[in-house]
Amino acid sequence: MVRGRAGLLARAWAQGAVSGLAGVAVMTVGEKLEQALTHRPDSYVPARALLTLLGRHPGDADQPPVWNHLMHWGTGAAVGGLRGVWAVTGIRGPVASAWHTVVRLAVDQTVENTTGVGAPPMTWPAREQAVDVLHKAVYATVTGLVADRWISPALRPTRGRTSH
């Protein structure tokens, strides 16, 4: 049995992580369908970022699929945990999913650019930017739908309706 605020938050984080895995699964299917249509190759930047975080020095030609999956699914679960916390505290629905899209993009770009293996998105072709945003929006929407359905807003604050 979950007890207290900390317990509810921990449970929501775990449920959000599972919700994030559902979001990654749907996003991955969408990516594969998009790649079949556009012939866009797989990106191994996530794998190279993870390997760099672990102290390795992958080259731009390295294409380690297992590390790519670890980063892809691990990031989805971690950022999904945040969405679970949002759901339990009453930050829910389509607006929360839109914010979550931005968070997912920000996490990916922060890791990829601080490790030096990525490039700032504003330097990418517009089509690549649009594709990345679309896939992350699918992730955030599915993650949010699962989290909001599964997690009760048990910790929704009841204090005023302003930010101050």
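Details
- Pairs linking a residue in region 1-21 that is modelled with pLDDT under 95 to a residue that is open to solvent by 80 Å² or more (accessible area, probe 1.4 Å), with Cβ atoms under 7 Å and 6 or more positions apart or on different chains, are V2/R11.
- Residue in region 146-161 that is closer than 21 Å to A22 by Cβ, charged (D, E, K, R) and open to solvent by 50 Å² or more (accessible area, probe 1.4 Å) present: yes
- Residues that are buried (at least 19 other Cβ atoms within 10 Å of the Cβ), of a type outside the set (S, T, Y), over 22 Å from S19 (Cβ atoms) and under 19 Å from the mean Cα position of the chain (by Cα) occur in region 99-114; there is at least one.
- Taking the listed residues T28, T75, the one that is within 27 Å of P153 (Cβ to Cβ) and either outside any helix (DSSP H, G or I) or under 20 Å from the mean Cα position of the chain (by Cα) (or both) is T75, with no other qualifying.
- Matching residues in region 59-86 - criterion: being farther than 18 Å from V103 by Cα and surrounded by fewer than 20 Cβ atoms within 10 Å (Cβ to Cβ): G59, D60, A61, D62, Q63, P64, P65, V66, H69, L70
- Hey, R48 within 12 Å of the chain's Cα centre (by Cα), surrounded by 16 or more Cβ atoms within 10 Å (Cβ to Cβ) and part of a helix (DSSP H, G or I) or not: no
- Every pair of residues 6+ apart whose Cβ atoms lie under 6 Å, when the first sits in region 84-95 and is small (G, A, S) while the second is open to solvent by 20 Å² or more (accessible area, probe 1.4 Å) and assigned to a loop (DSSP other than H, G, I, E, B): G90/P153; G90/R156
- Test: residue in region 124-132 that is among the charged types (D, E, K, R) and closer than 24 Å to T158 by Cβ: no
The values are calculated or read from the model by the stated rules, or taken from the named source; none is laboratory data. Remember, it's a predicted structure, so these values are computed and weren't measured experimentally. Every residue, glycine as well, gets a Cβ built from its backbone with ideal geometry; the counts of neighbours run over all protein chains shown. Each accessible area value is taken on the protein alone, full model and side chains, heavy atoms only, with ligands, DNA and RNA left out. Shrake-Rupley method; radii C 1.70, N 1.55, O 1.52, S 1.80 Å.
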